[in-house]
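Asks: What follows is a single structure, and I will ask about it in a moment.
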């Protein structure tokens, strides 16, 4: 059986929006070549082991395991990140936060200290380190297993020397000496932001880590906590960039206004027109 034969066999078995694409990704993973190589070599014969591995991957997909967890990696902002079930799968929506962060930092060359709160796979921290060679970044997460994934990705892209990883709940309770500066020009966060009841009705519930998804009753619990401590960590005229749930725009604005007096707040929409990024710039009194 060659690659073309098994693709014809498994594609109808995949219930998804793009079954042909998913079948190609699964098979490319099994044979250890890029999907483009697979499509150019559809006459490649498969070994019995590869056939069995493909069937096992299809079974996992049919059982509800997301494709990135099966293949162990996923693309984000043009980079191929290692992924495990301990971290959230990077999504295109988060690329808007990256774009805003890079644009602001590049326009302010004197600002190079960044905190990535709830780093997960390290997608934000690593991507910023790749695009800003002189940046110094602190990446935090409450999950030890998530930090292991983030560290692996930092090493994969050779930016581990630019990022300090710290296991804690948002930020440390006290500003102790850290390898990174104790005040940050920019604080980024893609924290759990799905309201608990909403999450329990979504297909991703139980397939991706609840710890990385559940934002409490209205989805803003962790952001309220972060906004309370952020001023102690933010440099003068520093900036915060938060990814939020699409329906939370007005609530997020209200929480921000309740937290600060002297600030400028902007709400940015993603490509689908949904509220997605809350940008807060603090001004000195």
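The values are calculated or read from the model by the stated rules, or taken from the named source; none is laboratory data. Note that this is a predicted model, so its numbers are computed, not measured. As a convention, Cβ positions derive from the backbone with ideal geometry for all residues, glycine included, and neighbour counts pool all protein chains shown.
Asks: Any idea which of (1) assigned to a helix (DSSP H, G or I); (2) in contact with a strand residue (DSSP E or B) (Cβ under 7 Å, 6 or more places away or on another chain) is the one residue 55 doesn't satisfy?
Replies: For residue 55, the failing item is (2).
Asks: Determine whether region 190-203 contains at least one residue that is out of contact with any helix residue (DSSP H, G or I) (no Cβ under 8 Å at 6 or more places or on another chain), in the same structural domain as residue 119 (by TED's automatic domain parsing), surrounded by 14 or more Cβ atoms within 10 Å (Cβ to Cβ) and closer than 26 Å to residue 144 by Cβ. Full working, then the answer.
Replies: The first filter runs over region 190-203 and keeps only residues out of contact with any helix residue (DSSP H, G or I) (no Cβ under 8 Å at 6 or more places or on another chain), leaving 194-198, 200-203.
Add one more test, that the residue is in the same structural domain as residue 119 (by TED's automatic domain parsing), and what stays is 194-198, 200-203.
From what is left, the residues that are surrounded by 14 or more Cβ atoms within 10 Å (Cβ to Cβ) are 194-196, 198.
Subsequent filtering for residues that are closer than 26 Å to residue 144 by Cβ retains 194, 196.
Scanning region 190-203 turns up at least one residue that is out of contact with any helix residue (DSSP H, G or I) (no Cβ under 8 Å at 6 or more places or on another chain), in the same structural domain as residue 119 (by TED's automatic domain parsing), surrounded by 14 or more Cβ atoms within 10 Å (Cβ to Cβ) and closer than 26 Å to residue 144 by Cβ.
Asks: Against the definition (crowded, with 16+ Cβ neighbours inside 10 Å and more than 19 Å from residue 210 (Cβ to Cβ)), how does residue 146 come out, yes or no?
Replies: no
Asks: Still on this structure, please answer the following. Go through region 214-285 and tell me which strands (runs of 3 or more DSSP E), entirely inside it, have 3 or more residues that are within 25 Å of residue 110 (Cβ to Cβ) and more than 21 Å from the chain's Cα centre (by Cα). Spell out the reasoning first.
Replies: Numbers: elements: 234-243, 263-269, 275-282.
Here the list reads 234-243, 263-269.
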